[in-house]
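Colleague: My structure is below; once you've seen it, I'll send some questions.
The values are calculated or read from the model by the stated rules, or taken from the named source; none is laboratory data. None of these values were measured; they are calculated from a predicted model. FYI the Cβ positions are ideal-geometry reconstructions off the backbone, even for glycines, and counts take in every protein chain you see. The accessibility values were calculated without ligands, DNA or RNA, using every heavy atom of the protein model including side chains. Shrake-Rupley method; radii C 1.70, N 1.55, O 1.52, S 1.80 Å.
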Amino acid sequence: MPYFVGEFEQKVDDKNRLSICSALRDLMNAETDGTNFFLVLGKDGHLWLYPDRYFMKLMSRMKRTSLPTAEREKIDLWYASARQVKPDAQGRVVLPEKSMQRAVFDRESTLVGNRDHIEIWPTAEHEQRMAADWTGLADMLDQAADDLADTQD
C-alpha cells in the first residue's frame, strides 16, 4: 500500500496538466502500487489520485462487498466518473475537463498526501483548513501520544 504524506503547491497549466512531484511519485512502489493513477471525485468534492494497481485492488475488494442496491448504484456513479491518467516524462498528468468541473477545484492547487491517496485542494482552501484545524490537530496528537504511552506500559 502506498503511504502518501506532505503538501506540495502546484499550478494546473492551460493544457490542464498537473505535475505530480517526484517527492510523491517516489513513495509509490511500481510493482505493487503501479506507475499511473486513477483520478476520482472524493467524498469531500476534491479530486483524489490513487496509484492504478492499488486502486484496482481496492475496487476488487469493493466489488465483493454486499452493499444494498441503492448504495451499489451510487458506487456505479463513482466508477463512471473515475479516469485513468498517466504521467508523462515530467510527471505531469492531464486532468479531464469534466472532472475539474465537477470538483472543488482551482488551478492554484496543493497536492496533499493522505495515506493511500493524493488529494488536490485549491491552495487558498487548503491554507484556510490548515489554519482552522491546526489547534485541534495539536490536541489530537497530544491525546494520541498519551494513548501510545499507555499501551507501552
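Colleague: With in a helix (DSSP H, G or I), open to solvent by less than 20 Å² (accessible area, probe 1.4 Å), modelled with pLDDT of 95 or more and in contact with a Leu (Cβ under 8 Å, 6 or more places away or on another chain) as the only criterion, which of LEU39, LEU24 stands out?
Modeller: After applying the criteria, what remains is LEU24.
Colleague: Which number in (1) in a strand (DSSP E or B); (2) closer than 18 Å to THR123 by Cα marks the one condition that GLN84 misses?
Modeller: (2)
Colleague: Give just the number: which of (1) assigned to a loop (DSSP other than H, G, I, E, B); (2) touching a residue at least 24 places away in the same chain (Cβ under 8 Å) does GLU31 not satisfy?
Modeller: All conditions pass for GLU31, except number (2).
Colleague: Right, something else. Would you confirm whether any residue within the range 95-104 is touching a His at 6+ places or on another chain (Cβ under 9 Å), surrounded by 12 or more Cβ atoms within 10 Å (Cβ to Cβ) and outside any helix (DSSP H, G or I)?
Modeller: Within the range 95-104, one or more residues are touching a His at 6+ places or on another chain (Cβ under 9 Å), surrounded by 12 or more Cβ atoms within 10 Å (Cβ to Cβ) and outside any helix (DSSP H, G or I).
Colleague: Here's something else I'd like to know. Scanning for something open to solvent by 70 Å² or more (accessible area, probe 1.4 Å), part of a loop (DSSP other than H, G, I, E, B) and either modelled with pLDDT of 95 or more or in contact with a Phe, Trp or Tyr (Cβ under 9 Å, 6 or more places away or on another chain) (or both), does the range 121-129 turn up at least one residue?
Modeller: No, the range 121-129 has no match at all.
Colleague: I need every pair where a residue in the range 1-22 that is under 22 Å from PRO96 (Cβ atoms) and of a type in the set (Val, Ile, Thr) has its Cβ under 8 Å from the Cβ of a residue that is modelled with pLDDT of 95 or more and open to solvent by 60 Å² or more (accessible area, probe 1.4 Å), sequence separation at least 6 or different chains.
Modeller: VAL12/ARG107; ILE20/ARG92
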